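Only the coordinates and a few stated rules stand behind these numbers; no lab work does. Predicted model only: the values in this text are computed from it and were never measured. No Cβ is skipped: glycine too gets one built from the backbone with ideal geometry, and neighbour counts run over all protein chains shown.
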Amino acid sequence: MRIAVCLKQAPDCSSVYVDPVSGEVDRERFVQTLNAADACALEAALRLKEQRGGSLFALTLGPDESDEVLRVALAMGADTVERLWHPSAVDWGPLTIAAALAARLHADSSSLPDLIFCGEQSSDWASGTVGPALAAYLGLPQITGVIGLEALPDPSGQLLLRVTRRLERGYRERLLTRPPLLLTVHETLNEPRYPSLPAHLAALQATIAVCDPLSLPQFAPDVEAEEATIIEVRIPRPRPHRLAIPDSQLSPFERIGEIVSGGTSRRQTRLLEGPPEELAHELVRFLKERGFV
Amino acid sequence: MSLINNAADDAVFMRGESVAELWVVLQEQEGLPPEYNQEVLAEAKEVAAQYPGQLQLCAVQLRAPLSSPVEKSTVPFFKAVVPERLYVLEHPALGRYTTEGYVAALSWLIRERTPALIVTSATVNGQDWAPRLAAQLGLPFVARCLRFALEQEALLALRALYGGRAYVQTRTRLGRQPALVTFAPGTRGTPPMTGSPAVGLPMPEVITYQPSLAFEERNPSLQHLGIEAPSAEEVELEAAEKIVAGGRGVGREGFAELAAFARLLGAAVGASRVATDRGWVEPERQIGATGKSVSPRLYIACGISGAAQHTSGIREAQTVVAINPDRNAPIFALADLGLLGDAREILRHAMQLLQEESVGV
Ligand SMILES: Cc1cc2nc3c(=O)[nH]c(=O)nc-3n(C[C@H](O)[C@H](O)[C@H](O)COP(=O)(O)OP(=O)(O)OC[C@H]3O[C@@H](n4cnc5c(N)ncnc54)[C@H](O)[C@@H]3O)c2cc1C
């Protein structure tokens with residue numbers, strides 16, 4: 001089985017500093033890492049490879065520094081890695097990036113990988129676009145927002161996957177599927193492994209193959225059509241914190257009471273006493289009256 | 001440069017016709033709050049209002065045929081904002097969400113009507129079909145906007161960067177083809193209701209299509225096993241309508257009963273810090289100053305004394321019930337209903353009553 005995983009280097013969000021006056025993002029301070037969801041995608045791909053055998057190809061599009069994420073992939077267990085880059089790519093949006101990745105995956109003499117993993121979204125722009133767009137360009141079915149993945153034993157010997165997708169408010173969708181397929185992985189899917197020290201050192205020595213996406217036959221970016229220009233970056237205004245200010249009309253005792261209660265407004269309380277059965281009746285009646293059951 | 005712009009006379013999306021269309025694609029899914037659709041409608045209406053008489057607000061609904069008539073099912077849902085037009089696209093494959101179904105149906109409708117702009121909520125499913133549709137049709141796409149506006153030849157969008165540490169305003173050039181936008185859910189909140197939906201509000205013009213769709217990329221091996229609702233211990237507290245919370249007075253064993261009661265009520269489980277510190281429940285369940293702030297319609301506090309650090313997290317709760325044997329517990333000052341007694345016993349009896357009723361009916 002051939003698996004490919006698409007990775008991206010992204011700044012750790014806690015290292016992001018925006019100058020409050022100029023609105024400039026201080027890129028010098030960025031701590032670049034393998035994007036969290038992508039690390040989970042890589043881990044998921046590795047686990048499948050270990051279970052079922054096969055090869056894992058890790059692909060990224062990014063400048064020289066992005067070699068780092070491929071070294072992480074090698075250290076964790078990827079078999080081959082490659083970086084796509086062209087200086088003009090700094091301005092590419094997610095659709096163009098997906099088209100470049102698709103062109104690279106198409107360029108292999110053999111057919112497409114059986115499975116392609118992507119992170120659901122990156123920590124910087126969080127567009128969540130590359131995965132579905134890549135699936136569209138490759139003509140593959142997709143499952144996004146994967147939070148559960150399990151390879152099932154199948155009598156035919158083919159890979160059968162049970163996939164859980166996250167939906168809103170804790171709802172989940174369960175699906176059964178077979179390759180070929182593209183999956184985008186949510187960052188809660190798994191706990192990515194730490195590579196061993198020897199693997200890490202070996203990865204530091206590895207030479208990383210680089211490919212110019214503009215040289216790929218299937219890639220003709222229409223950058224003009226898609227791209228967004230950045231007009232302005234600014235920091236969010238801090239949310240106003242609601243302070244509980246006690247009513248000055250009240251007596252000092254009551255004011256202290258209000259402060260102590262955290263500013264939650266006092267209500268007309270119906271206080272009931274009695275045996276638990278009776279109180280339970282009252283509770284159910286109250287819930288019904290107010291339409292909660 | 002501001003996101004609020006004055007109307008332009010001949011914007012590129014006009015295409016020479018009299019009225020261009022701004023679509024809001026409605027989403028339906030178990031667990032999806034209706035506000036997510038309503039806030040997109042409200043936002044889109046404001047954008048359309050920048051071009052009076054030129055840009056028409058339309059809603060798009062995808063569904064299986066023979067569902068209940070739209071006048072009954074969909075139209076009452078337009079509470080505060082009623083679109084001028086409602087496109088209903090019916091196909092047997094649209095009974096539940098599939099990527100292929102949505103992409104194929106919307107591609108068809110886009111070719112049919114060529115709107116200027118398509119907006120939908122950036123839910124998990126919205127973020128599933130929208131980028132794919134954009135890639136497939138070669139449309140400009142802006143994901144997870146907090147606000148957006150149309151200029152003469154461009155789409156302005158406000159987006160969050162780096163997990164909300166910065167905002168960015170972008171301009172995307174519009175060509176002759178429609179642009180696609182997803183709107184970050186929960187950004188705007190529910191628009192206020194203007195009166196009862198049934199009276200006074202205009203009806204949208206309803207146009208129903210039943211196209212035959214070709215599903216080129218259908219995956220024959222993709223089998224839907226089902227949708228699962230979260231359990232009481234999993235419902236996100238911030239989003240929960242009802243919360244049953246427990247404190248020291250419930251005890252470790254009592255939390256199982258409390259969770260069972262919450263499940264019966266369709267509520268989420270919450271806790272005081274004592275309960276989370278002792279490992280009776282997950283730390284994410286803690287409510288209060290160092291936990292979560294919640295805004296449920298119903299909050300039932302069991303065995304919680306009502307320390308300020310706890311109650312500061314329930315300021316927005318609408319109805320509060322407290323169960324505690326100590327009549328001097330500060331929590332009673334905030335409660336609409338106070339029950340003096342043992343929380344576990346009362347919950348156990350109440351559970352019995354609720355179960356009997358649901359069986360009896
Ligand atoms: C800096 C700081 C931050 C904090 N942040 C938080 C926070 O975010 N959230 C939070 O919750 N707390 C927080 N606390 C702790 C807070 O001050 C209280 O200690 C805590 O909320 C008390 O939890 P409790 O009500 O469960 O326990 P207690 O205060 O011990 O109350 C237990 C209650 O259970 C009642 N009881 C006893 N037996 C029964 C029974 N059989 N049935 C029903 N009731 C019974 C008792 O009468 C009593 O009222 C914080 C404290 C500090 C110092």
What aspartates and glutamates sit close enough to B:Lys242 to cross-link, taking a C-alpha to C-alpha distance under 14 Å and skipping anything fewer than 8 places away on the same chain? B:Glu233, B:Glu234, B:Glu316
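Applying 1/(1 + (r/R0)^6) with R0 = 30 Å to the Cβ-Cβ distance of B:Ala93 and B:Arg297, what FRET efficiency is obtained, to the nearest 0.05? Walk me through the numbers before you get to the answer.
Numbers: r = 36 Å, r/R0 = 1.21.
So, using R0 = 30 Å, E works out to roughly 0.25.
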Counting other beta carbons within 10 Å of each Cβ, put B:Met203, A:Met1 in order, fewest first. B:Met203, A:Met1
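Only bridges whose two residues both fall in region A:2-225 count here: according to DSSP, what percent of them are antiparallel, nearest 5? Please report the intermediate quantities before stating the final value.
Values: 16 of 42 bridges.
Counting DSSP beta bridges with both partners in region A:2-225, the antiparallel share is about 40 percent.
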Quick one: of the DSSP bridges fully inside the protein assembly as shown, what percent are antiparallel, nearest 5? 35 percent
Okay, helix-only estimate at 222 nm for the protein assembly as shown: each DSSP H run of n ≥ 4 adds -39500 (n - 2.57), divide by all residues, round to 500 deg cm²/dmol; what do you get? -8000 deg cm²/dmol
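I'd like the projected area of region A:1-106, averaged over all directions, using the convex hull of its alpha carbons. Report it in nm² with one decimal. Please report the intermediate quantities before stating the final value.
Values: hull surface 30.2 nm².
Quarter of the Cα hull surface area: 7.6 nm².
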Provide a whole-number value for the mean count of partner chain Cβ atoms within 10 Å of the Cβ atoms in peptide B:347-353. 5
Could you order the peptides A:23-33, B:341-351 from most to least packed, using the average number of other C-beta atoms within 10 Å per residue? B:341-351, A:23-33
Label model pair A:Ile259, B:Ala49: point-to-point distance (7 angstrom along the Cα→beta-carbon line) in nm is 4.4 nm
Taking A:Asp247, A:Asp12 and counting other C-beta atoms within 10 Å, the order from fewest to most: A:Asp247, A:Asp12
A correct Karplus calculation of ³J(HN,Hα) over region A:110-122, with 6.51 cos²θ - 1.76 cosθ + 1.60, θ = phi - 60°, whole Hz and x for Gly and Pro, returns 6, 6, 5, x, 5, 9, 10, 10, 9, x, 5, 7, 9
List the residues, sorted by chain then number, that are 5 or more residues from B:Leu180 or on another chain and whose placed amide H is less than 5 Å from its amide H. B:Ile118, B:Phe141, B:Val142
Residue by residue through region A:153-165, what is 3J(HN,Hα) from phi via Karplus (6.51 cos²θ - 1.76 cosθ + 1.60, θ = phi - 60°)? Round to whole Hz and write x for glycine and proline. x, 10, x, 6, x, 6, 7, 10, 10, 9, 10, 10, 9
Sequence order, region A:55-71: Karplus ³J(HN,Hα) from phi using 6.51 cos²θ - 1.76 cosθ + 1.60, θ = phi - 60°, Hz rounded, Gly and Pro as x, gives 10, 10, 10, 10, 10, 9, 10, x, x, 3, 4, 5, 3, 3, 5, 6, 5
Taking every pair of alpha-carbon atoms in region A:71-190, what share in percent sits in each 10 Å bin, from 0 to the bin with the longest distance? 12, 38, 39, 11, 1
Provide Rg and Dmax in Å for region A:2-225, with only Cα atoms included in the calculation. 17.4, 64
Label-point separation in nm, A:Leu214 to B:Glu84, each point 7 Å along Cα→Cβ: 4.5 nm
When the convex hull of the Cα atoms of chain B is projected onto a plane and the area is averaged over all directions, what value comes out in nm²? 22.2 nm²
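Using only Cα atoms, what Kirkwood radius does region B:237-358 have, in angstroms?
For region B:237-358, inverting the mean 1/r across all distinct Cα pairs yields 13.8 Å.
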What lysines does A:Lys8 reach when the alpha-carbon gap must be under 28 Å and sequence neighbours fewer than 8 apart in one chain are set aside? A:Lys49
When N is the residue count of the protein assembly as shown, what does its C-alpha Rg come to as a fraction of 2.2 N^0.38 Å? 1.05
Connecting every pair of Cα atoms under 10 Å apart in chain B and solving the GNM, the largest mean-square fluctuation among B:Pro178, B:Pro131, B:Pro69 falls on B:Pro69
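How do B:Arg171, A:Arg270 line up, fewest other C-beta atoms within 10 Å first?
Values: B:Arg171 18, A:Arg270 13.
Placing the least packed residue first, the sequence is A:Arg270, B:Arg171.
What is the calculated FRET efficiency for A:Thr269 to B:Ala214, with r their C-beta to C-beta distance and R₀ = 56 Å, to the nearest 0.05? Intermediate results must be reported in sequence, preceding the final value.
Numbers: r = 64 Å, r/R0 = 1.13.
Plugging the Cβ-Cβ distance into 1/(1 + (r/R0)^6) gives 0.30.
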